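Novice: The following block contains the structure, expressed as structure tokens.
None of the figures in this text is laboratory data; all of them are computed from the coordinates on show. The structure displayed is predicted, hence computed values, not measured ones. All Cβ positions, even for glycine, are placed from backbone atoms using ideal geometry, and neighbour counts span all protein chains on display.
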Amino acid sequence: MTDQPPIEPLLDVRGLHSGYAGAPVLFDVNLQVGQAEIVGLIGRNGMGKTTLVRSILGLLRPSSGQVHFNGRSLAGLPAHRIARLGIALVPEGRQIFPNLSVEEHLSAFVRAAPGAPAPWGVAGVFDLFPRLAERRHHMGNQLSGGEQQMLAIGRALVTNPKLLILDEATEGLAPLVREEIWRVLGVLRDAGHAMIVIDKYVQRLVSVADRQVIVEKGRTVWSGSSQQLDADRALWHRYLGL
């Protein structure tokens, strides 16, 4: 019997250094996401998580290191081309357009993507978030914070990405809305979506994600399975302040 070749990760970040206007933030960060895998990206505030996301998406140009997506180097590619390759972001702060309705938001971003786990469209998002269906004609500035987060997730999904990144997935949301977002992430997991999820609710991340990566002062300091992190509360206290 011959050995099987290793499976190439969907996203492969190696030795990444990045920052702002000459001020370094990331130092030798490593992160891999497999096909249909969910990875929790965790750490205290200000440790470089959002900078890492921006560097992956081409919104920041790394000073060194490599980012490969689906076997292709992302070096030097502008953000819009990286998005077209199949990475979608649910940004911190949601960034909803105030003068577009819910339905207009979704319709404007619909894009077919062969090979995506599921063909998402406006109807599919309304099935996933019935509240958005009820508010389909409301403008972005008429939505609650929770409804805006649902819309931001739906807007990303209708691009039919191969990788979905959620930056602060449940920040600032009421408890019932947070639970709705975690429910939806479970649905997406079961449908085979690959995701990176940033969130401070580590216990919920452990229940949803396959693996966890901890970033501390711009460095990857630990990575392992959710079960390993759940079993080692010393890591929680050391790196997460929990």
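Novice: Gap in Å between the Cα centre of segment 75-148 and the Cα centre of segment 6-25?
Specialist: 26 Å
Novice: Let me know the charge dipole size of the chain about its Cα centre in debye, to the nearest 20, where only the beta-carbon of Lys, Arg (+1) and Asp, Glu (-1) is charged.
Specialist: 500 debye
Novice: If r is the Cβ-Cβ distance from Asn45 to Phe97 and R0 is 35 Å, what FRET efficiency results, to the nearest 0.05?
Specialist: Numbers: r = 27 Å, r/R0 = 0.77.
E between Asn45 and Phe97, to the nearest 0.05, is 0.80.
Novice: What ranking do 33-45, 136-148, 227-239 get when scored by the average of other Cβ atoms within 10 Å per residue, highest first? It would help to have the intermediate numbers written out before the result.
Specialist: Details: 33-45: 20.5, 136-148: 16.0, 227-239: 14.5.
Packing proxy ranking, top to bottom: 33-45, 136-148, 227-239.
Novice: Eigenvalues of the Cα gyration tensor times 5, then square-rooted: what semi-axes does that give for segment 5-87, in whole angstrom, largest first?
Specialist: Values: eigenvalues 81, 48, 28 Å².
So the three semi-axes of segment 5-87 are 20, 15, 12 Å.
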